[in-house]
Amino acid sequence: MLHKKMIGIFAMVILASGVSVSVAASGKWKKPDKPKEEKKETQISLPLEMAMGDGLTRLSDASASWPGELVSPTTIEAHPQSEGTIVELNVRVGQKVSRGEILARLSPPPASIERANASSEKKQMLIRAQANADATARLVAKSKVQFLEARKSLIPARDAAIALNQKETDRIAYLNESSVIQLEKMKQEKNAAVELATKERDQATLNMSLKERTLRVSLQQTIEKNLQELTTWVHPDVMQILKGSSLQFKYGVGLWDQQSRYTYEKTLFNTLQDLQKTSSSLLDESALTYAQAFKILVYSTNTSDAISSTNLESLKNMARKDQEMLTDASNEKRDSERMAQVKEAELQKMIAERDKEVTESSINEKQARISSESNEITRKKGVIDSELEYQNRVREIDVKIIELDRDLELARAEVRAAKSAYQTFIEELSSQTVIAQRAGTVSGIFKNTGDYVTPETVVATISQDNTQDAFIRFRIPSDAKLPEVGSEVTISRPSFPFDRRMAIIVGVGGILGENGAFTAEAEFTEDVDWPIHALIRVTSSEKTASILIPFTALRWDENNQSHIYVAVSDTHVADRIIKTGKAVGDKIEVTEGLKPKEMFLSRQIPESVLKTILVKGDEAQNVEMKKGTSDTSDKEDSGEASMEDMGHGE
């Protein structure tokens with residue numbers, strides 16, 4: 001390219017010389033009176049090279065193609081439960097299977113310590129279950145004898161209860177004479193107790209109101225004091241906060257945690273709302289929440305012009321004391337509320353007991369009054385009650401005997417379950433199976449009869465008929481440029497050159513896998529009928545060309561930044577910082593800082609020469625502007641000016 005450029009420049013010089021001669025001959029140009037003395041400059045041959053924009057085209061094409069496979073979330077793998085050799089394969093590819101269907105059978109696994117221990121454990125479970133059943137049978141037999149003896153002893157107890165009822169009849173006759181006096185005495189005692197309990201309840205209620213008032217006053221005073229310390233308000237008016245006024249904090253308040261200021265304002269607003277209520281059961285919770293928010297705000301405050309270190313330490317002490325004071329006041333309020341509730345409950349209980357006992361005494365008095373007529377009825381009722389009690393006790397004993405029989409049956413059932421588990425374990429040792437974990441179609445069989453498999457071995461895969469949810473999962477080498485999410489790619493299958501599909505990248509991983517590559521996924525833009533797990537190739541639709549420069553053109557500073565010298569004129573260069581990419585042989589890719597067709601020094605030159613041609617900053621920009629102006633003037637003089645002159649000549 002440089003050779004071609006030199007030929008073009010030489011042709012332009014010849015053309016310009018010819019035009020100059022023709023213009024001089026026609027009298028257009030006048031010979032200067034005194035020829036200007038040309039300053040002779042030492043010609044410096046610079047190792048300049050033009051930046052080309054097709055350096056990594058083929059390499060980019062290769063690195064933008066990645067291997068992958070077709071994946072479906074509805075496809076599962078069938079694994080054996082243990083190791084062994086396949087002795088029977090019951091399915092074929094394409095066969096539909098149901099969940100739980102046996103796909104293959106394995107030979108008994110080789111003996112191992114784990115299986116011996118498992119067999120011993122199953123055997124021990126069977127022995128323990130049998131021993132437990134025998135012990136339960138002996139206990140049930142012994143308990144049944146005891147319950148039957150207790151059942152027989154209920155008859156004397158029943159007779160004794162009947163005799164007791166007779167005595168109760170005699171007692172009622174005695175109460176007939178003193179029931180009225182006892183009733184009046186009992187009423188006086190109970191009324192006095194209720195009156196005393198009422199006074200205690202009222203006192204507790206009053207105390208609760210006083211504690212709430214104390215907490216309310218303490219909280220309001222604390223808020224006003226805190227606002228005076230934290231804000232610029234000299235005389236804070238808390239009502240302004242409820243009307244929507246924002247707090248004007250002193251500088252430094254909540255500097256370490258801006259969230260603490262928002263939390264304090266929100267907590268303060270809620271607390272003030274509770275204070276406006278005549279009575280609030282949540283006032284203690286609001287007080288504790290406010291104290292904690294204020295403490296957090298103070299501890300996130302930094303010293304400033306408005307808050308000295310002494311003031312900040314005083315604020316912290318005040319926050320701790322306020323929290324302790326409000327906590328004590330809240331606890332006292334809660335204690336008074338609980339005491340009021342206890343006194344109210346005791347009062348209601350005493351009223352209920354008084355009413356109950358007065359009613360019972362009244363009934364007893366009336367019963368005593370008619371005891372002579374109802375004595376026989378009472379005796380008969382006692383007999384009936386004793387009989388009912390006897391029947392209930394007998395029923396309880398019968399229920400316990402039934403429970404013993406049930407415990408015995410459960411113990412025997414455990415023995416049967418242990419036997420079944422042991423037998424199942426033995427059968428599993430003799431024959432292992434591979435079953436289908438879901439219904440579907442067998443999409444692949446990877447092992448044959450006679451193959452040795454382990455639980456990690458994939459024997460077969462089962463897929464559903466619907467493959468619309470299939471997507472592409474592929475791997476991108478760590479040295480390749482990662483594609484952007486949403487970019488379009490082309491999907492192809494090996495050996496199918498004309499079967500291509502378009503897809504969109506939906507995700508690119510940011511962590512290298514075990515194979516040293518990034519994982520990415522893409523989704524088809526159209527339906528495909530390709531088989532699941534088919535190997536595919538992902539090709540990027542974006543093919544970008546990069547610039548390659550020799551390593552000899554680079555130099556690095558103390559910050560490991562890459563620099564090159566870019567030509568700003570035919571005899572001057574400027575320093576420029578660039579960003580580099582991957583290395584290719586003795587050259588390296590330039591990703592930023594250099595444009596195609598720009599000239600740069602391809603290798604280092606002596607320091608003495610570099611000092612004479614290096615320009616910096618604005619000087620470099622001026623040289624570039626002069627270069628552009630000069631190029632434009634030369635172009636006008638050589639071609640465009642001649643055409644203009646010829647036009648005027650005509």
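The values are calculated or read from the model by the stated rules, or taken from the named source; none is laboratory data. Values in this document were obtained by computation on a predicted structure and should not be read as measured data. Positions of Cβ are backbone-derived with ideal geometry, glycine not excepted, and every protein chain shown enters the neighbour counts.
Quick one: is Q423 at pLDDT below 85 and in contact with a Pro (Cβ under 7 Å, 6 or more places away or on another chain)? When the stated conditions are applied, Q423 does not pass them. Could you tell me which of the residues A141, A133 is in the same structural domain as L410 (by TED's automatic domain parsing), part of a helix (DSSP H, G or I) and surrounded by 15 or more Cβ atoms within 10 Å (Cβ to Cβ)? So the residue among A141, A133 that is in the same structural domain as L410 (by TED's automatic domain parsing), part of a helix (DSSP H, G or I) and surrounded by 15 or more Cβ atoms within 10 Å (Cβ to Cβ) is A133. Criterion applied to A352, A340 was being of a type in the set (G, A, S) and either closer than 30 Å to R158 by Cβ or surrounded by 14 or more Cβ atoms within 10 Å (Cβ to Cβ) (or both), and the one residue passing it is A340.
Taking the criterion of being modelled with pLDDT of 75 or more and under 54 Å from the mean Cα position of the chain (by Cα), would at least one residue in region 183-201 satisfy it? Yes, there is a match, as at least one residue in region 183-201 is modelled with pLDDT of 75 or more and under 54 Å from the mean Cα position of the chain (by Cα). For region 582-595, the tally of residues that are touching a residue at least 40 places away in the same chain (Cβ under 8 Å) and either surrounded by 13 or more Cβ atoms within 10 Å (Cβ to Cβ) or of a type in the set (A, V, I, L, M, F, W, C) (or both) stands at 8.
Conditions (1) part of a loop (DSSP other than H, G, I, E, B); (2) in contact with a helix residue (DSSP H, G or I) (Cβ under 6 Å, 6 or more places away or on another chain); (3) in the same structural domain as V217 (by TED's automatic domain parsing); (4) not basic (K, R), marked per residue:
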{"position": "Y251", "(1), (2), (3), (4)": "yes, no, yes, yes"}
{"position": "R261", "(1), (2), (3), (4)": "no, no, yes, no"}
{"position": "T271", "(1), (2), (3), (4)": "no, yes, yes, yes"}
{"position": "D274", "(1), (2), (3), (4)": "no, yes, yes, yes"}
{"position": "S280", "(1), (2), (3), (4)": "yes, yes, yes, yes"}
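Count of region 564-608 residues, restricted to those that are under 17 Å from E49 (Cβ atoms) and not in a strand (DSSP E or B), is 17.
Residues that are farther than 17 Å from E212 by Cα and among the small types (G, A, S) were ranked within region 251-290; the one that is nearest to the chain's Cα centre (by Cα) is S260. Among all residues of region 166-176, there is none that is modelled with pLDDT of 75 or more, among the hydrophobic types (A, V, I, L, M, F, W, C) and either part of a helix (DSSP H, G or I) or surrounded by 14 or more Cβ atoms within 10 Å (Cβ to Cβ) (or both). T301 satisfies every condition listed in (1) of a type in the set (V, I, T); (2) buried (at least 17 other Cβ atoms within 10 Å of the Cβ); (3) part of a helix (DSSP H, G or I) except (3).
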